[in-house]
Amino acid sequence: MSMNNFELYKVFYWAAKTGSLTQAAKSLFITQPSVSHAIKQLEDSFGLTLFTRNSKGVVLTPEGATLYSYIEQSHILITQAEKKMAELKNLDNGELRIGGSDSLFKHYLLPFIEVFHQRYPGIRLHLIHGTTPEVISYLKEGLVDLGVVRMPITDPQLEVRQGLQLQDCFIAGSHYAGLNQKVLSIEELLQYPIILFSRSSRARMAITDLFRGYGYELKPEFEVGSVGLLIEFARKGLGISFVTREFVSKELEEGSLFEIQLDVQLPPAQVGMMTMRNMPLTTAASKFIELTK
């Protein structure tokens with residue numbers, strides 16, 4: 001029976017620990033001749049004698065004792081690693097790092113995060129904020145385990161599981177109450193100040209392309225850095241904001257904002273859960289994905 005170095009060290013460890021070749025054989029479920037053979041192989045490879053035999057069994061030589069001090073440390077480390085793996089499998093501890101936008105965390109992921117935290121309180125959750133391109137690079141650099149992004153994503157390195165469907169819309173506050181229930185054309189809409197998300201978000205690119213397709217250039221009066229500000233500006237009557245309907249459901253329900261009706265259909269958007277295609281998922285990440293299905 002031929003053994004690799006790792007197995008030889010294992011035999012050496014148990015022989016040194018128990019001081020007996022018979023005991024070592026028992027601990028490893030192999031025969032005593034296999035143990036003797038393994039030790040001889042190690043001694044031959046080092047050109048050193050590792051054990052001396054006496055009536056009770058085997059005793060380490062000074063050279064053998066030196067080797068044992070190293071092998072013992074690695075044995076402890078391997079045992080810790082196995083224990084850690086078992087913990088991770090059982091989700092006793094560990095971490096889950098998710099990349100995405102604040103608004104997707106708040107309006108889409110929050111209920112899942114709450115359930116996950118109740119089920120696996122030992123897992124530390126890190127929510128890492130970023131735009132879709134940033135989240136993609138976090139994922140590729142290994143800074144996050146999964147990303148929550150707007151589709152479509154076409155990248156052969158990434159696997160995207162489809163989640164929630166979103167609908168973008170234009171909203172206004174009481175200052176523009178006269179427009180409530182009216183159906184506007186793009187041309188009529190563009191006579192009012194438009195408020196857009198400042199960064200090149202997926203939603204912004206989609207609406208710019210859509211309007212361009214109809215022959216209109218969308219030039220915002222205000223550009224703001226968060227969904228919160230889009231809502232606030234619309235509420236204050238500074239203009240008409242372009243937002244995701246699901247992110248303003250509360251305001252639309254209570255009537256502090258209303259949706260502008262357009263004579264063109266705004267295409268729906270899909271939210272996806274994104275992971276690296278050929279990388280194994282951590283147990284925490286796969287449990288989280290299961291939850292969101």
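The values are calculated or read from the model by the stated rules, or taken from the named source; none is laboratory data. Keep in mind that what you see is a predicted model, and the values were worked out from it rather than measured. Reconstructed Cβ throughout: ideal geometry from the backbone, glycine too, with neighbour counts over all protein chains shown. Ligands, DNA and RNA are excluded from the accessible area calculation, which covers all protein heavy atoms including side chains. Shrake-Rupley method; radii C 1.70, N 1.55, O 1.52, S 1.80 Å.
Would you confirm whether or not segment 88-95 contains a residue that is at pLDDT 95 or above, within 44 Å of the chain's Cα centre (by Cα) and either under 30 Å from Arg245 (Cβ atoms) or in a strand (DSSP E or B) (or both)? No: zero hits. Remark: Val144 matches the filter, which requires a residue to be modelled with pLDDT of 90 or more, aliphatic (A, V, I, L, M) and either outside the structural domain of Leu238 (by the TED database) or open to solvent by less than 30 Å² (accessible area, probe 1.4 Å) (or both). Has segment 172-191 got at least one residue that is over 23 Å from the mean Cα position of the chain (by Cα), of a type in the set (Val, Ile, Thr) and open to solvent by 50 Å² or more (accessible area, probe 1.4 Å)? Yes, because at least one residue in segment 172-191 is over 23 Å from the mean Cα position of the chain (by Cα), of a type in the set (Val, Ile, Thr) and open to solvent by 50 Å² or more (accessible area, probe 1.4 Å). Of all residues in segment 69-87, those that are free of Cβ contacts under 8 Å to residues at least 40 places away in the same chain and under 36 Å from the mean Cα position of the chain (by Cα) total 13. Among residues of segment 1-25 that are under 24 Å from Pro62 (Cβ atoms) and in a helix (DSSP H, G or I), those with a Cβ under 9 angstrom from a residue that is among the hydroxyl-bearing types (Ser, Thr, Tyr) and open to solvent by 60 Å² or more (accessible area, probe 1.4 Å), sequence gap 6+ or separate chain, pair up as Asn5/Ser45; Leu8/Ser45.
Counted as qualifying within segment 185-293 are the strands (runs of 3 or more DSSP E) with 1 or more residues that are in contact with a Phe, Trp or Tyr (Cβ under 8 Å, 6 or more places away or on another chain), within 22 Å of Arg150 (Cβ to Cβ) and modelled with pLDDT of 90 or more, namely 194-197, 222-224, 240-244.
Do you know which residues across segment 51-66 are farther than 13 Å from Trp14 by Cα and either open to solvent by less than 40 Å² (accessible area, probe 1.4 Å) or in contact with a helix residue (DSSP H, G or I) (Cβ under 6 Å, 6 or more places away or on another chain) (or both)? Selection gives Thr61 alone.
Quick check: anything in segment 68-82 in contact with a strand residue (DSSP E or B) (Cβ under 8 Å, 6 or more places away or on another chain) and open to solvent by 30 Å² or more (accessible area, probe 1.4 Å)?
Taking every residue of segment 68-82 in turn, at least one turns out to be in contact with a strand residue (DSSP E or B) (Cβ under 8 Å, 6 or more places away or on another chain) and open to solvent by 30 Å² or more (accessible area, probe 1.4 Å).
For first residues located in segment 42-68 and assigned by the TED database to the domain that holds Gly19, partners that are open to solvent by 80 Å² or more (accessible area, probe 1.4 Å) and assigned to a helix (DSSP H, G or I) and lie 6+ apart or on another chain with Cβ distances below 7 Å form the pairs Leu48/Glu63; Thr49/Glu63; Leu50/Glu63. Residues in segment 270-291 include none that are touching a residue at least 12 places away in the same chain (Cβ under 8 Å) and within 21 Å of Ile186 (Cβ to Cβ). Taking every residue in segment 106-122 that is in contact (Cβ under 8 Å) with a residue 12 or more places away in the chain and pairing it with any residue that is part of a loop (DSSP other than H, G, I, E, B) and open to solvent by 50 Å² or more (accessible area, probe 1.4 Å), at least 6 positions away or on another chain, the pairs with Cβ-Cβ distances below 8 Å are Gly122/Asp92.
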